[in-house]
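Q: Starting off with a structure, shown below.
All of the numbers you see were taken from the coordinates with simple rules; none came from a lab. These numbers were taken from a predicted model, which means no experiment stands behind them. Here Cβ is always computed from backbone atoms with ideal geometry, including for glycine, and neighbour counts include all displayed protein chains.
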Amino acid sequence: MLEESDRWASELQEGLAISKANLSQHLSILRAAGVVQTRRNGKQLHCKLAMPEVKKATAIFRAILKSQMRENRRWI
């Protein structure tokens, strides 16, 4: 979701259908790894990708998965 645009934590929680605690744990790990940056605006948390390379990597990974899915359909 962050590949598309910056998001509020509440948007991520809803879009991923996970609990607030689960999202918090994921964001903590991603922040520690330097992948995600967050900033507070009152009670809301704004999230964005910190590394442009992540967008490139996810695009490559998505292309690989799509290719594999097409190949698998040919054999079914």
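Q: How many of the residues making up region 25-52 are of a type in the set (D, E, K, R) and not in a strand (DSSP E or B)?
A: So the first thing to find is which residues in region 25-52 are of a type in the set (D, E, K, R), and the list is 31, 39-40, 43, 48.
After this cut, where a residue has to be not in a strand (DSSP E or B) as well, the list is 31, 43.
The number of residues fulfilling the criteria is 2.
Q: Still on this structure: Out of all the residues in region 3-24, is one or more outside any helix (DSSP H, G or I), among the basic types (K, R), touching a strand residue (DSSP E or B) at 6+ places or on another chain (Cβ under 7 Å) and loosely packed, with under 14 Cβ neighbours inside 10 Å?
A: Within region 3-24, not a single residue is outside any helix (DSSP H, G or I), among the basic types (K, R), touching a strand residue (DSSP E or B) at 6+ places or on another chain (Cβ under 7 Å) and loosely packed, with under 14 Cβ neighbours inside 10 Å.
Q: Oh, and also: Does T58 satisfy being in contact (Cβ under 8 Å) with a residue 40 or more places away in the chain, surrounded by 10 or more Cβ atoms within 10 Å (Cβ to Cβ) and not in a loop (DSSP other than H, G, I, E, B)? Before you say what the answer is, go through the steps one by one.
A: Numbers: in contact (Cβ under 8 Å) with a residue 40 or more places away in the chain: yes; surrounded by 10 or more Cβ atoms within 10 Å (Cβ to Cβ): yes; not in a loop (DSSP other than H, G, I, E, B): yes.
Yes: the conditions hold for T58.
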